[in-house]
Amino acid sequence: MTWNDFAGGRAVDPATFVAAASTLLESAVAAAGGGEATKADFVAGLQATLSTSGPYGTLRLDAGLADRDVRGELRENAIAVSEVVLDLVRTVPGTEAPGPSDIHSSCVGYAWIPPVVERLIAGPGLHAARNLYNEWLWQLVLLRDALIPFTDPSRVRVLADADGLTRLQDARDWFVVQVMTRRIAHAAIVRFAAEALTGGHAEGAYGFQYGGAVVLPPVALDGELLGPAYLLGLREGTLVEQDTAYFVQGLQDDEAAGTLSVPARVIGDVEVVGLTDRLVPGPPGPGAARTLSLVVGFDGQEVGGQRILLDIRS
């Protein structure tokens, strides 16, 4: 028995995902003997797991000398996103469908706080409770991490399937290495964000389009120069016809193809002025990469003449 109806893959907002995952929580509570006190201990365990510091934290952003600015911005957003997830856990009604009696959890072995340890090793017959709790914890850690790149996480729709967000395990591990051990490239933040929303990425991308929304640094959407410098904003609307487009740094001197005029478009208050449309070789396999050269401006003023190049995978 599965705990969600995401089979086949679909985009879901955080509230929908947390509501589905509550089936795991309720099943874990029941398997551990039931009661509101048990549930409260499990939620407290999640809170400790979502911390960015301390012995139970799964994403330590309180250490490291390199890139303090970007790491600090990510840490503040991770704390804010964790509060969003915890608030949803406490307030969003769960699903009415019966939950699984046991599950094979792919959780990587997060530490439990003492009250949870007492609940889950207090006696025989608690194997299912441990599996269900671990899977619930794992899924919500993946959700929290998938939302960290975004300034408005409640509006983000992550790509989930029958296994929840387990598909993000490798991408999440890669992202954690980036933010915990080395200088953090903006492209690394965009890559993980794209994996969470689209299921793929383009090397070097600094934004993307998917599901009728555009994801870019906030300055490219709102024009606030003093806003978040390293996170990503999401704006409903599209730049191109294709559902999925990755914004990458293209070659300015590409002479392999001709140019075509591209009409201007507007997303909210942002004017996007089209310049050229060039067809360039795509990756191995079917399809091709179509590179579109654009300039983003506000009130008719270009932002430093920066060009946004869209790598559209078809």
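The values are calculated or read from the model by the stated rules, or taken from the named source; none is laboratory data. What you see is a predicted model; the values in this text were computed from it and never measured. Cβ placement follows ideal geometry from the backbone for every residue including glycine, while neighbour counts extend to all protein chains displayed.
Looking only at residues in the stretch 1-52 that are without any contact (Cβ under 8 Å) to a residue 60 or more places away in the chain and among the hydroxyl-bearing types (S, T, Y), the one that is nearest to T166 (Cα to Cα) is T16. Between A31, A48, A44, A78, the distinction of being touching a Lys or Arg at 6+ places or on another chain (Cβ under 9 Å) and farther than 30 Å from T244 by Cβ belongs to A31 only. Once the stretch 198-250 is narrowed to residues that are in contact with a helix residue (DSSP H, G or I) (Cβ under 7 Å, 6 or more places away or on another chain) and β-branched (V, I, T), the residue that is modelled with the highest pLDDT is V215. Restricting the stretch 122-153 to residues that are in contact with a helix residue (DSSP H, G or I) (Cβ under 6 Å, 6 or more places away or on another chain) and of a type in the set (G, A, S), which is surrounded by the most Cβ atoms within 10 Å (Cβ to Cβ)? Only one residue tops the list, namely A146.
Looking only at residues of the stretch 162-184 that are outside any loop (DSSP other than H, G, I, E, B) and in contact (Cβ under 8 Å) with a residue 40 or more places away in the chain, we find that the one that is nearest to T23 (Cα to Cα) is G164. The criterion of being over 20 Å from A48 (Cβ atoms) and outside any helix (DSSP H, G or I) holds for L159. Of the residues making up the stretch 121-148, those that are at pLDDT 95 or above and either more than 26 Å from A7 (Cβ to Cβ) or outside any helix (DSSP H, G or I) (or both) number 1. Would a scan of the stretch 19-26 turn up a residue that is surrounded by fewer than 19 Cβ atoms within 10 Å (Cβ to Cβ) and under 30 Å from L231 (Cβ atoms)? There is at least one residue in the stretch 19-26 that is surrounded by fewer than 19 Cβ atoms within 10 Å (Cβ to Cβ) and under 30 Å from L231 (Cβ atoms). V215 meets all of the listed conditions (1) surrounded by 23 or more Cβ atoms within 10 Å (Cβ to Cβ); (2) part of a loop (DSSP other than H, G, I, E, B) but one, namely (2). Might you check whether a residue that is surrounded by 17 or more Cβ atoms within 10 Å (Cβ to Cβ), of a type in the set (D, E) and over 26 Å from R68 (Cα atoms) occurs anywhere in the stretch 99-121? No, there is no match, as no residue in the stretch 99-121 is surrounded by 17 or more Cβ atoms within 10 Å (Cβ to Cβ), of a type in the set (D, E) and over 26 Å from R68 (Cα atoms).
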